[in-house]
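K.L.:
What follows is a structure written as structure tokens; I'll ask about it next.
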Amino acid sequence: MNTNKKTLRKKPIIIAGPCAAESEEQIEIAIREGKQRKIDFLRVNLWKPRTKPGFDGLGKEGIPLLVKVAKADINPALEVITPEHAKMVMDAVLPMLRKDGRLLLWIGSRNQNHLIQREIARIASKDQRVYLLVKNQPWVSEEHWEGIIGHVLSGGIRKVNLINCHRGFMPNGHNPLGLRNVPDFAMAMKIKEKTKVPILFDPSHTGGIVENVLKMAQEAAQYPFDGIIVEVHHNPKGALTDAKQQLTWKQFDKLLKPNLN
Ligand code: PEP
Ligand code: MN
């Protein structure tokens, strides 16, 4: 990460963990690995938007896993697709957070109904320990992306609790690396400048395969992003979703410190 004066935060925000929560064992390992590395938030994702029917997350059955994470003194992060998800998660997790604990909810790329975005933001804004992260929409449009930030702010979320995220745009034409989603770093920096909201980069959903995830992280390091969100799994080959792009924890270490052997 480039830590020149344009970063809005002193310390980069690091979010890592599996694409989706799958089992208690997987989350126990993730808690251990995540704590060792002092990451800011652990991905414990319960609801997955899917292109085709398939494993779409543990849903509310997975809420005890969020509680386990909060009790282990590591901050959980997950996508909420509906306002009901946001409320359900906040009701279960907030009373269990340890001192200085935080909860991060995010609005995914495919969730482009502004009424839902605003309502999720309204619910999240009720507790200052809740951070809201928004990912850019799948198609290329600076105006739409800026609009998402506008919608969630109009829902009452404070800027200090808001984080933006660039996860690339659906490929359309030039894509020599065969990326899953193509980043537009210049646009991301423009949005950051205009909105003054910290912005993370997502090398996982841009890269799509491990080799490209590492390349994307390296490329993004030339820009003043305020952190990253990365998919990491103890056994990527056995993952139920996004198996090709999830890093092992060792690969994640290398992504953070490319000079490690
Ligand atoms: C995710 O981070 O799990 C995800 C589905 O990403 P996106 O919404 O960017 O596709
Ligand atoms: Mn994923």
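Since every read-out is calculated from the coordinates, none of them should be taken as a lab result. This is a predicted model, so every value here is computed, not measured. Don't worry about glycine lacking a Cβ; one is built from the backbone with ideal geometry, like all the others, and counts go over all protein chains shown.
K.L.:
Could you tell me which of 103, 174, 49 has its Cα farthest along the dipole of the chain towards the positive end, charges placed at Cβ (Lys, Arg +1; Asp, Glu -1), taken about the Cα centre?
P.N.:
Of the options given, the answer is 103.
K.L.:
Starting from the Cα of residue 60, step 7 Å along the direction of its Cβ; do the same at residue 87; then give the gap between the two resulting points in nm.
P.N.:
Between residue 60 and residue 87, the label points sit 1.1 nm apart.
K.L.:
Here's something else I'd like to know. With only alpha-carbon pairs counted, each pair once and no self-pairs, how large is the Kirkwood hydrodynamic radius of the chain in angstroms?
P.N.:
It works out to 18.2 Å.
K.L.:
Sticking with this one: May I ask you to evaluate 6.51 cos²θ - 1.76 cosθ + 1.60, the Karplus curve with θ = phi - 60°, for each residue of the range 130-138 and list the ³J(HN,Hα) values in order in whole Hz, giving x for glycine and proline?
P.N.:
9, 9, 10, 10, 10, 9, 5, 5, x
K.L.:
If you average over every viewing direction, what projected area does the convex hull of the Cα atoms of the range 149-212 give, in nm²?
P.N.:
One quarter of the hull surface, i.e. the mean projection, equals 5.0 nm².
K.L.:
A further question follows. For q = 0.14, 0.16, 0.23 Å⁻¹, what log10 I(q)/I(0) does the range 12-68 give under the Debye formula with an equal point scatterer on each alpha carbon and no solvent?
P.N.:
Ignoring solvent entirely, the Cα scatterers give -0.39, -0.49, -0.89.
K.L.:
Extension gain residue 143-residue 211, at 0.36 nm per residue separation less the Cα-Cα distance, in nm?
P.N.:
Full-extension gain reported as 21.3 nm.
K.L.:
Ranked highest first by the average count of other Cβ atoms within 10 Å around their residues, in what order do 45-51, 198-204, 64-70 fall?
P.N.:
198-204, 64-70, 45-51
K.L.:
Run through the range 137-202 and list the trypsin sites (Lys or Arg not before Pro) located in a DSSP loop whose Cβ has at most 13 other Cβ atoms within 10 Å.
P.N.:
Sparse-neighbourhood loop trypsin sites (Lys or Arg not before Pro): 158, 196.
K.L.:
Pairs of alpha-carbon atoms within less than 8 angstrom and 6+ residues apart define the contacts here; what relative contact order does the chain have, in percent?
P.N.:
Computed value for the chain: 20 percent relative contact order.
K.L.:
Give the span of the range 137-185's Cα atoms along each principal axis, as three whole-Å numbers ordered largest to smallest.
P.N.:
Here the spans come out as 41, 17, 14 Å, largest first.
K.L.:
Spelling out what I want: for every residue of the range 55-70, take phi, set θ = phi - 60°, compute 6.51 cos²θ - 1.76 cosθ + 1.60 (Karplus), and round to whole Hz; glycine and proline get x.
P.N.:
5, 10, x, 7, x, 5, 4, x, 4, x, 5, 4, 5, 4, 5, 4
K.L.:
Further question: Treating each Cα of the range 68-126 as an identical point scatterer and ignoring solvent, apply the Debye formula and state log10 I(q)/I(0) at q = 0.17, 0.19, 0.24, 0.31 Å⁻¹.
P.N.:
These q points yield log10 I(q)/I(0) values of -0.54, -0.65, -0.93, -1.30.
K.L.:
How high is the relative contact order of the range 180-261, in percent, with contacts defined as C-alpha pairs under 8 Å that are six or more residues apart?
P.N.:
Taking the mean separation of contacting Cα pairs over the length of the range 180-261, I get 26 percent.
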